[in-house]
Structure formats: C-alpha cells, structure tokens
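To start, the structure itself, in structure tokens.
The values are calculated or read from the model by the stated rules, or taken from the named source; none is laboratory data. Treat the numbers as computed from the prediction; the structure is a model and nothing was measured. FYI the Cβ positions are ideal-geometry reconstructions off the backbone, even for glycines, and counts take in every protein chain you see.
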Amino acid sequence: MTVIAEYGQILLILACIFGLFMAWGVGANDVANAMGTSVGSKALTIKQAIIIAMIFEFLGAYLAGGAVTSTIRKGIVDPAVMSGSPELLVYGMLSALLAAGTWLLIASILGWPVSTTHSIVGAIVGFAAVGISADAVAWGKVLSIVASWVVSPMLAGTIAFFIFRSVQRLILNTEDPMSNARRYIPFYMFAVGFLIAMVTLLKGLKHVFKDSGFSLSFVESALVAAVIGAIVSAVGVVMLRRVKPEATPASGNRFANVEKMFAILMIFTACAMAFAHGSNDVANAVGPLAAVINVVNSGGVAAQSVMPSWVLLIGGVGIVIGLATYGFKVMATIGKKITELTPSRGFAAELAAAATVVLASGTGLPISTTHTLVGAVLGVGLARGIGALNLGVVGSIFMSWVVTLPAGAGLSILFFFFFKGVFG
C-alpha cells in the first residue's frame, strides 16, 4: 500500500504516457489497416482517408468508447488474486501498455498489420502468468483468442470471395456493365447500410446503450438496420442517376465508370467502419489505463471502474496522431502489397469485413478486426485466381500474427520486473 501512497502520482503520469503511446500504436497499425482498402483502391487519397479517420475514429472513441469498461481486459486476469497487493496490478498494466505499444511500433515500422487486441492480451497474459501466478490467467479465454487467428480470416475471406464473384457475374463480366451497375448497386448499397448500421449498433454504440440502460436485441437491431439500409439504398439511387458516364474513359478501362460508382460506396463504408473501430478498439489503450487510475485513486483492486471522459480523450487523440504520423506503411501493405485493389474489390473486402463483425457479434465468435480485413482482401484476391496474391507478403503477415502474443508477453515480463525493481 505504501508504494501506491508514495509513488501514486508518478505511476499515474507513466500510465497516461504509456496509454497515449499504445493509442498511437492503435492509430499507426489498426486504423491504418481499416483505411488501407479505401486508399489502395484509390477510392480515397491518403490525405482524405486520414481526415475521415481523424473525425470518425475520434468520435467513435470519445462518444462511444465506453462509460464503463472492464479494466481487466477481456476477463483474462482474475483481479481477486492481486487484491492483497494492488501495486502488482499497476506494474502489470503499465508493463502491458508499454509492451503492446512497443510491439505495435515495431510492427508498424515493418508494415505488418497485427492485432492490437492480441498485442495487449499477450502482454497481460505475460505479466500475469510469470509475475503473479499461472492460475491468475483465464486460459480458456486465451485459447478462444488463438482460435480467432483461424476463424476471422477464413470467415471474412469466404464472404469477400462470394461478394466479389457476384460483382463480377452481375456487373463486370456483362455486355453492358454500366446499366447493370445502375440496376444492382442499390442492392449492394442496402447491404452496406444494413451491415454498417449493425456494426455500429452491436459494437460501436454498445457502451452508450449500456450506460443509458437502453438496449436492443439482435433482432431489434436488425430491424433498425434494415430501415437504415433502405434509406441508404434510396439515397444511392438518387446519387447514381447524377453520375455522368464518360463516353470513352480517359484511362482506357471499360470499367472506369462502374468503378466510380463503387468509389462513392467506399466513402460510406470508410466513415462508418472508422466510427465502429474507434469505439471498439480504443479500449485496448484506455482499459489498462483506467485500471491504474482506479487502483491509485481507491487504493484497491476492482474488476470494473468508471471511465473518466479525459481518458477517452487521451485514447482518441493518440489514435489520430498515430494514423497521421505513421499509418502510411500498414496502409500500403493492406491496400497495395497483398493484391491489386480497385474500388469494386475494396468494396467487396470492406463489406465482407463488416459482415464478419456482425456475424461474430450475433454468435459470440472470437474475432480480430485486423485478421478480418486481411482475410477479406485475400478472399477478393482469390476470386481473381491465386496468381493475383503476393504470397511472400501473405506469409510474412501470418508469421507476424503468430509472433504477436508471445512478443507482447515477453516484453511485458521484462517491463514488469523492471517496474517491480524500480518501485518495489
């Protein structure tokens, strides 16, 4: 207890710095891969993608990032084990933030799209298993996270494959792609409106509903989303009528006019996915920070604590700075290096990623946003044949996923014993 009383302010300042560093990593790596499809397909420029992400990621993080959040991330550590020595939880959460932030920095420099959730989970498992006790870790939860390495990319890849095949069959590989685009794109727009509304209701606004006491069941959310989908589709029909096709596109590409229509669609998907991502993944940076604040202020260990709005502000600002300063490397990997993307292909990937998030939310499947997006891009590439994929890049990405948990754990163990030595 004397450690908390004596060094409380220093520990709080360190937690804020490390939380900002971790949020920077989420921005540089995770947000970048969410925007990579839009940039790689040239539906948006890097500058436009950064502006959209800055606005919608920040709004998602700040407005819907959670008034009450579980500070022991994903229920991986049993807080009761540390009730007698709360300073161990503080050292552990500081170590987890610094370790996950460091791994995300390394991955971003190398252009690897890794999971921020897995980075922080690996870090928490590391300090808890080695620094506290192996019994403190909920190993069943860890196994379900490992299972998501397979579930996320396979599910998203399969959905993306079939979505893009339908685009090829109904629009691209036809006598008159333009008139078929006008006929079928409203149905895709309905799907976009429906799925993005579902992502936002189930993931993005989950904490807002929880705080207000208002809740929607999965079926009720689906009905609201269907209405939103119909509105988006109606707006889309009006917008499509205003698109003036070029008689002979300057690029010489017979699909250039059709791709213009899909580029409009991708602006909607980019905005909404940024909001849902900001609200969901800001917890990776601010969850452990809230745990430290709770212990220092109360002097004890609790499984949950109120999330001060200034903590969400740190998370939101960190995410935006990370994307703006270093997001370009991971964006290039997702958007250009796995397979060549056009707006229609990027749209299929983003729609598949949204569909996977909705399915996972409804069925309780463990997924990773990053793995989902990468799997969706792979699925789109496979729809054009295995030769459309850069297998070397795909191999290095899979390797980085496998390394993420042990890398976070190893760094966290080192930092944990360092903090224990310095303050203990």
Selected residue [at pLDDT below 90, closer than 28 Å to Leu20 by Cβ and of a type outside the set (Ser, Thr, Tyr)] from Val125, Val150, Val121
Val121
If I ask for residues that are surrounded by fewer than 23 Cβ atoms within 10 Å (Cβ to Cβ) and polar (S, T, N, Q), which ones from segment 370-412 would you list?
Asn390, Ser396, Ser400
Looking at segment 132-176, which of the residues that are farther than 30 Å from Met82 by Cα, among the β-branched types (Val, Ile, Thr) and without any contact (Cβ under 8 Å) to a residue 60 or more places away in the chain is surrounded by the most Cβ atoms within 10 Å (Cβ to Cβ)?
Thr174
Quick check, is Thr37 free of Cβ contacts under 8 Å to residues at least 40 places away in the same chain and hydroxyl-bearing (Ser, Thr, Tyr)?
no
Which ones in segment 159-189 are more than 27 Å from Val227 (Cα to Cα), of a type outside the set (A, V, I, L, M, F, W, C) and in a helix (DSSP H, G or I)?
Gln168, Arg169, Pro177
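Give segment 177-188 a look and list any residue that's more than 28 Å from Pro113 (Cα to Cα) and touching a residue at least 24 places away in the same chain (Cβ under 8 Å), or say none. Steps first, answer last, please.
To start, the set of residues in segment 177-188 that are more than 28 Å from Pro113 (Cα to Cα) comprises 177-187.
Pro177, Met178, Ala181, Arg182, Ile185, Pro186, Phe187 - these are the residues of segment 177-188 that are more than 28 Å from Pro113 (Cα to Cα) and touching a residue at least 24 places away in the same chain (Cβ under 8 Å).
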Please list, ordered by residue number, the helices (runs of 4 or more DSSP H) wholly in segment 337-424 having 3 or more residues that are free of Cβ contacts under 8 Å to residues at least 40 places away in the same chain.
391-423
Residue count, segment 73-100 (criterion: closer than 15 Å to Ala283 by Cβ and assigned to a helix (DSSP H, G or I)):
7
With Ala181, Ala197 as the choices, which residue is modelled with pLDDT of 85 or more and crowded, with 24+ Cβ neighbours inside 10 Å?
Ala181
Mind checking which residues of segment 13-55 are among the hydroxyl-bearing types (Ser, Thr, Tyr) and surrounded by fewer than 24 Cβ atoms within 10 Å (Cβ to Cβ)?
Thr45
